[in-house]
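Below: the structure, in structure tokens.
The values are calculated or read from the model by the stated rules, or taken from the named source; none is laboratory data. Please read all numbers here as calculations on a predicted model, not as lab measurements. Here the Cβ is made from the backbone with ideal geometry for all residues, glycine too, and neighbour counts use every protein chain on show.
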Amino acid sequence: MAGIYIHIPFCKRKCFYCDFYSVGAKNAPWREYIDTLLAELSTRAHELAGRPVTTLYIGGGTPSALPAGELSYLIDGVRDKVDMRLEECTVEVNPDDVTPALVEEYMAAGVDRVSMGVQSFSDAELTAVGRRHTAARAREAYELLRRVGNVSIDLMFGLPGQSLDSFARSVTCALELHPEHISAYSLMWEEGTALSVMRRQGRVSEAPEGLSLDMYALLCRKLADAGYVHYEVSNFALPGRESRHNSSYWSGEPYLGLGAGAHSYDGHRLRTSNPCDVKAYMASGGGGQLRESLSETELREEMIMTSLRTRRGLAPAEYGSRFGTEALARLQQKAAPCLAAGNLAERQGALVVPESRLMMLDSVIVSLF
Ligand code: SF4
């Protein structure tokens, strides 16, 4: 089994906090870009090594900005080239793009899950970070998208001007919609973004760290009370509604990433990355990948990092069978002080980071390297 990720790197407007690779959607070469994606798939389908494709994830950028008919053209093209036995087909959407016609097209194309970037249900907070929708528009879009299948809502915390109360209201609004899945991310102040420039100019300020921690704790509490399983540090789902595609990243399964800036992993050692440049990507006909063979150390670190992000945790037995008894002994030695300090716990034979310590996940991970 394998997954395919397709990157659509076009956005109608750049959000102030965003440092993902994306370019303007106005006059984007949509059909040429999709044809390049399909050409890339033709030349790289052998990397799937005959495995059936069980998850397809179309992200961005803004895939919902694709003109009518282009998403179906893309999915049909993929279906023609690989053994598709889809268990999940997700598209990321921006609330502003959702129309009855888009919903019809998604349903006909076989999309059964959408991930909608809502971020906040406060219009002032949305404006402060340059999002182009309003809370009312997000609700309307949600009602339309219900027909497609599972819906995931993205929220953000630590936004400029956001208080604990206003974040609590956003979480409540999200819960009132009963989505199957909620992802929540802390705002990152990346260098080079409009938001960082505004901070330097004194026009916005960063939320105090304590406030972001309180928001995360509130999020975990409210979602647990509502029956959501906290299955990955930033992801919550109703039982059985976890994202299969994203879960496969965290469990080290192979995936093929197509499009400018996309990454792939062969499930063993090989990571491949595409150029972060639409023009270069298209000029090369979907070629020009950089290939990197991961060292033993990188593979060990990757396993620690991805496993500890999840509720499933890091199974020492699996780690030992992959990297040997010496590596396992070193891991156990490093884990001992974390266990004693309560930053790690043992659950069903695996090492896990307790929910109350997830905000210090990065330092726990590094201490195990
Ligand atoms: S829509 Fe997404 S990818 Fe595009 S600018 Fe906003 S955050 Fe970045």
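Summary of values
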{"quantity": "Residue within segment 114-131 that is touching a strand residue (DSSP E or B) at 6+ places or on another chain (Cβ under 6 Å), over 23 Å from residue 234 (Cα atoms) and of a type outside the set (Gly, Ala, Ser) present", "calculated": "no"}
{"quantity": "Of all residues making up segment 143-181, the number that are over 30 Å from residue 202 (Cα atoms) and in contact with an Asp or Glu (Cβ under 8 Å, 6 or more places away or on another chain)", "calculated": "6"}
{"quantity": "Listing of helices (runs of 4 or more DSSP H) fully contained in segment 77-162 that carry 2 or more residues being in contact (Cβ under 8 Å) with a residue 12 or more places away in the chain, of a type in the set (Gly, Ala, Ser) and under 30 Å from residue 209 (Cβ atoms)", "calculated": "123-128, 135-145"}
{"quantity": "Selection status of residue 165, charged (D, E, K, R), more than 14 Å from the ligand (Cβ to nearest atom) and out of contact with any Leu (no Cβ under 9 Å at 6 or more places or on another chain)", "calculated": "yes"}
{"quantity": "Residue in segment 30-64 that is surrounded by the most Cβ atoms within 10 Å (Cβ to Cβ), counting only those that are under 22 Å from the mean Cα position of the chain (by Cα) and aliphatic (A, V, I, L, M)", "calculated": "58"}
{"quantity": "Selection from segment 353-369 of residues that are in contact with a helix residue (DSSP H, G or I) (Cβ under 8 Å, 6 or more places away or on another chain) and in a loop (DSSP other than H, G, I, E, B)", "calculated": "353, 369"}
{"quantity": "Residue in segment 294-311 that is under 22 Å from residue 243 (Cα atoms), polar (S, T, N, Q) and in a strand (DSSP E or B) present", "calculated": "yes"}
{"quantity": "Residue among 309, 347, 330 that is of a type in the set (Lys, Arg) and within 25 Å of the chain's Cα centre (by Cα)", "calculated": "309"}
{"quantity": "Residue within segment 110-122 that is more than 15 Å from the ligand (Cβ to nearest atom), out of contact with any Lys or Arg (no Cβ under 6 Å at 6 or more places or on another chain) and within 22 Å of residue 44 (Cβ to Cβ) present", "calculated": "yes"}
{"quantity": "Checklist (1) surrounded by 16 or more Cβ atoms within 10 Å (Cβ to Cβ); (2) within 16 Å of the ligand (Cβ to nearest atom) applied to residue 148, failing item", "calculated": "(2)"}
{"quantity": "Residue match in segment 4-27 (condition: crowded, with 22+ Cβ neighbours inside 10 Å and away from the ligand (no atom under 15 Å from the Cβ))", "calculated": "yes"}
{"quantity": "Close pairs (6 angstrom Cβ cut-off, 6 or more residues apart or separate chains): touching a residue at least 60 places away in the same chain (Cβ under 8 Å) and of a type in the set (Gly, Ala, Ser) in segment 1-30, more than 9 Å from the ligand (Cβ to nearest atom) and in a loop (DSSP other than H, G, I, E, B) anywhere", "calculated": "2/51; 2/254"}
{"quantity": "Residue 36 away from the ligand (no atom under 16 Å from the Cβ), touching a helix residue (DSSP H, G or I) at 6+ places or on another chain (Cβ under 6 Å) and of a type outside the set (A, V, I, L, M, F, W, C)", "calculated": "yes"}
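Residue-by-condition table, conditions (1) out of contact with any strand residue (DSSP E or B) (no Cβ under 6 Å at 6 or more places or on another chain); (2) over 24 Å from residue 16 (Cα atoms):
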residue: 148; (1), (2): no, yes
residue: 154; (1), (2): no, no
residue: 168; (1), (2): yes, no
residue: 178; (1), (2): yes, yes
residue: 182; (1), (2): no, no
residue: 198; (1), (2): yes, no
residue: 209; (1), (2): yes, no
residue: 218; (1), (2): yes, yes
residue: 228; (1), (2): no, yes
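Here's the yes/no breakdown for (1) within 30 Å of residue 221 (Cβ to Cβ); (2) at pLDDT 95 or above; (3) touching a strand residue (DSSP E or B) at 6+ places or on another chain (Cβ under 7 Å):
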{"residue": "254", "(1), (2), (3)": "no, no, yes"}
{"residue": "262", "(1), (2), (3)": "no, yes, yes"}
{"residue": "270", "(1), (2), (3)": "no, no, yes"}
{"residue": "273", "(1), (2), (3)": "no, yes, yes"}
{"residue": "330", "(1), (2), (3)": "no, yes, no"}
{"residue": "347", "(1), (2), (3)": "yes, no, no"}
{"residue": "351", "(1), (2), (3)": "yes, yes, yes"}
{"residue": "358", "(1), (2), (3)": "yes, no, no"}
{"residue": "363", "(1), (2), (3)": "yes, no, no"}
